[in-house]
Amino acid sequence: GAVVSQHPSWVICKSGTSVKIECRSLDFQATTMFWYRQFPKQSLMLMATSNEGSKATYEQGVEKDKFLINHASLTLSTLTVTSAHPEDSSFYICSARSQQETQYFGPGTRLLVL
Amino acid sequence: QKEVEQNSGPLSVPEGAIASLNCTYSDRGSQSFFWYRQYSGKSPELIMFIYSNGDKEDGRFTAQLNKASQYVSLLIRDSQPSDSATYLCAVIGSGGSNYKLTFGKGTLLTVNP
């Protein structure tokens, strides 16, 4: 149990385009989903917390207009990187929490912006 | 500022030995503690969680929690080369803010054959 999927697993795009990443909890309903970013050899950085049906809560320094989060159902959250630039290239990882406190991570999405 | 501290390592142990990974946290009100394993290039994978003082065992893994000392550890018995990874300590602090995890920077473990 507690399986979280992400799609796509990797994406290459041109600078200025937008990229949407999906995060799904496959066998449980996710009360809360989280979006993280990790640069090479660095720690996980929490970007935002997303509750179903409400606006996401962004961490300090994360631009909410650039990283759009939608959590329309208890099993799906999406992160859209708008007008992506090379500095947005990173490993984006979502996690999902059920009724309990444990977070389960998706496999991550590698984004490369050319 | 809620902090979680880990020795960054690398921690190197021979195959078959016990690996001991340590973590301290600053928020005395923290109630929930997690250990994740992250292989290079992959996302974190939950190994164990612990809520109560004392030891919790799961196979070759034992988590130990001492809330008075604000200390949580992970022991890996009979270490295998496949255990080589970065181990992340994570804590849910007091304040109950959406159950956000505060991560340590991770300890890189290398198990030598």
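The values are calculated or read from the model by the stated rules, or taken from the named source; none is laboratory data. A quick note: this is a predicted structure, and the numbers were derived from the prediction, not measured. Positions of Cβ are generated from backbone atoms using ideal geometry, with glycine treated the same way; all protein chains shown enter the neighbour counts.
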Matching residues, the range A:38-71, being more than 12 Å from chain B (Cβ to nearest Cβ), in a strand (DSSP E or B) and either of a type in the set (A, V, I, L, M, F, W, C) or within 11 Å of residue A:95 (Cα to Cα) (or both): A:67, A:68, A:69
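Here is a yes/no grid of residues against (1) among the acidic types (Asp, Glu); (2) touching a residue at least 24 places away in the same chain (Cβ under 8 Å); (3) within 14 Å of chain A (Cβ to nearest Cβ); (4) more than 21 Å from residue A:46 (Cα to Cα):
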| site | (1), (2), (3), (4) |
| --- | --- |
| B:12 | no, yes, no, yes |
| B:32 | no, yes, yes, no |
| B:62 | no, no, no, yes |
| B:71 | no, yes, no, yes |
Filtered residues of the range B:85-113 (kept if surrounded by fewer than 19 Cβ atoms within 10 Å (Cβ to Cβ) and more than 11 Å from chain A (Cβ to nearest Cβ)): B:94, B:95, B:110, B:112, B:113
The range A:1-15, residues that are within 13 Å of residue A:107 (Cβ to Cβ) and part of a strand (DSSP E or B): A:4, A:5, A:6, A:7, A:10
Any hit, the range A:91-110, residues being aliphatic (A, V, I, L, M) and farther than 23 Å from residue B:34 by Cβ: no
Considering residues of the range A:16-37 that are in a loop (DSSP other than H, G, I, E, B) and in contact with a Leu (Cβ under 8 Å, 6 or more places away or on another chain) only, the residue nearest to the other protein chains (Cβ to nearest Cβ): A:31
Looking only at the range B:11-55, and only at residues there that are of a type in the set (Asp, Glu) and in contact with a Ser or Thr (Cβ under 9 Å, 6 or more places away or on another chain), the one that is nearest to residue B:83 (Cα to Cα): B:15
Residue tally, condition outside any strand (DSSP E or B), in contact with a strand residue (DSSP E or B) (Cβ under 8 Å, 6 or more places away or on another chain) and modelled with pLDDT of 95 or more, over the range B:31-51: 3
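Which one of these is surrounded by fewer than 17 Cβ atoms within 10 Å (Cβ to Cβ) and either in contact with a helix residue (DSSP H, G or I) (Cβ under 8 Å, 6 or more places away or on another chain) or more than 18 Å from residue B:90 (Cβ to Cβ) (or both): A:75, A:80?
Testing whether each residue is surrounded by fewer than 17 Cβ atoms within 10 Å (Cβ to Cβ) and either in contact with a helix residue (DSSP H, G or I) (Cβ under 8 Å, 6 or more places away or on another chain) or more than 18 Å from residue B:90 (Cβ to Cβ) (or both) leaves just A:80.
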